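Below is one structure, written out as structure tokens; comments come after it.
The values are calculated or read from the model by the stated rules, or taken from the named source; none is laboratory data. Keep in mind the model is a prediction, meaning the values are calculated, not measured. For neighbour counting, all protein chains shown are included, and Cβ atoms are generated from backbone atoms with ideal geometry for every residue, glycine included. These area figures cover heavy atoms from the full protein model, side chains too; ligands, DNA and RNA do not enter into them. Shrake-Rupley method; radii C 1.70, N 1.55, O 1.52, S 1.80 Å.
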Amino acid sequence: MKRLLLLILLGCAAVLQAADKPRRFGELGVNARASFANSYLRTVDVLQETLTLDFSKTSDELNHLGLGMFMDSQGGAYFTFNSGTTWAFGLFANADVMGQFLVPQSLMDLISKGNKIDKTYSDNFGLGAAAFFEAGAWFSKDIERIRFTFRPAYYLPLAYMSSPLARYSLITQRDGTVNISGDLSADVYLPSSLDDMSSFNVDDILNKGGIDLTLRAEYPLRHNLTVGATLVHIPFFPAQLDHRYNMTGSFSFKSDMKNIISDIGDGLTYEFPESEASDTEKVILRPFKIGFDAVYRPFDRRIFSLKPNLGLVFNSIYDTPVYADFGLTAEFNIFSILVLDAGTHYEDLIWKERLGLALNFRIIEFDVGLTLQSQDFVKSFNGAGYGVDLGVRLGF
């Protein structure tokens, strides 16, 4: 019995020692993620046989955020090699698509609470979308207890639309009639023309990409506390797209307030002209972030860690160009075989509540995560949006 206990203790000690090292020296992995979110509707509301919207209640519950929608998807592959001592390097390639749409709070209030006579209401919709491809390498090296990471990347915008003009206007008159109109003017930039596919040239498209750099430093402030700082997407050579498609559209509608529903078919006039292409060069930078994070192990063991993070983001894609990211994750690491994490984050203007699981069998590892999310903190727990991320790692 004593020999058995001794063998168990020695085995646990060996596993714990290995847990302080990288899980694999060489690793090949693939990742995929997809998510969406909105600021009001829950999944259970949408799945009902009859969907009923109380606009008065909707306006009050939006908390002045407007009715927002968000989507994001990403996929990629990578290879890393870790010496297990003081240096490591890796290669990676990823594709990312993101987009957001916002109905302003003023329009939601107007729909729900009515309007005043002889007054003009107007506001802008929020709209932005982009798709990127990136490929690059990274290298980490420990110098005087500080681990520095250098990550240059080539990036190519596959599509880019930022801050278009999307506006509505409603004018009420004393005789009871209303004039409603709207306009859209959006510039969409692409790396190649869609009008003449015979001119498609891979070398020409790749030459339109840019190069940026991510820098990171980590320092063990105490034996159980490591702090880090990251500069993400420092621009060196910006991408430049020269195929612009200007999409414009407008609509107008006039009716008596008493008959606005019955007259909507006859009174509506609209114009959506075809997109116009022009060779206008657009300089495109990826979102830039200044981030700080830490790993704190309150029990001096890897079995439990707290990971706070804070960042400032400059992002011209979304309607809010400057915002903060922050969050906290708790991680349970059981001999680096079973890793569980749970956390709450505010990231890219979205509240995210995530649960993750990793199963590591040394040669192969499976990662899965589920996220509940919304632009509103309370609704992020109520199924107003979801995210799923999957990963597979192979190595030795």
Quiz item: Separation between the Asn201 and Leu310 pseudo-spin-labels, each 7 Å from Cα along Cα→Cβ, expressed in nm?
Solution: 5.0 nm
Exercise. Can you send over the solvent-accessible area of Ile334, 1.4 Å probe, protein chains only, in Å² to the nearest 10?
Key: 70 Å²
Quiz item: Points 7 angstrom from Cα along the Cβ direction at Phe79 and Val227: gap in nanometres?
Solution: 3.8 nm
Quiz item: Contour minus end-to-end for Ala137 and Leu370, with contour as 0.36 nm per residue of separation and end-to-end as the Cα-Cα distance?
Solution: 81.1 nm
Quiz item: Do any chymotrypsin sites (Phe, Trp or Tyr not before Pro) in region 168-227 lie in a DSSP loop with no more than 16 other beta carbon atoms within 10 Å, and if so, which?
Solution: Phe200
Quiz prompt | region 287-367: trypsin sites (Lys or Arg not before Pro) in DSSP coil with no more than 13 other Cβ atoms inside 10 Å | solution = Arg301, Arg362
Quiz item: With every protein chain left in place, what is the accessible area of Tyr323 in Å² (1.4 Å probe, nearest 10)?
Solution: 20 Å²
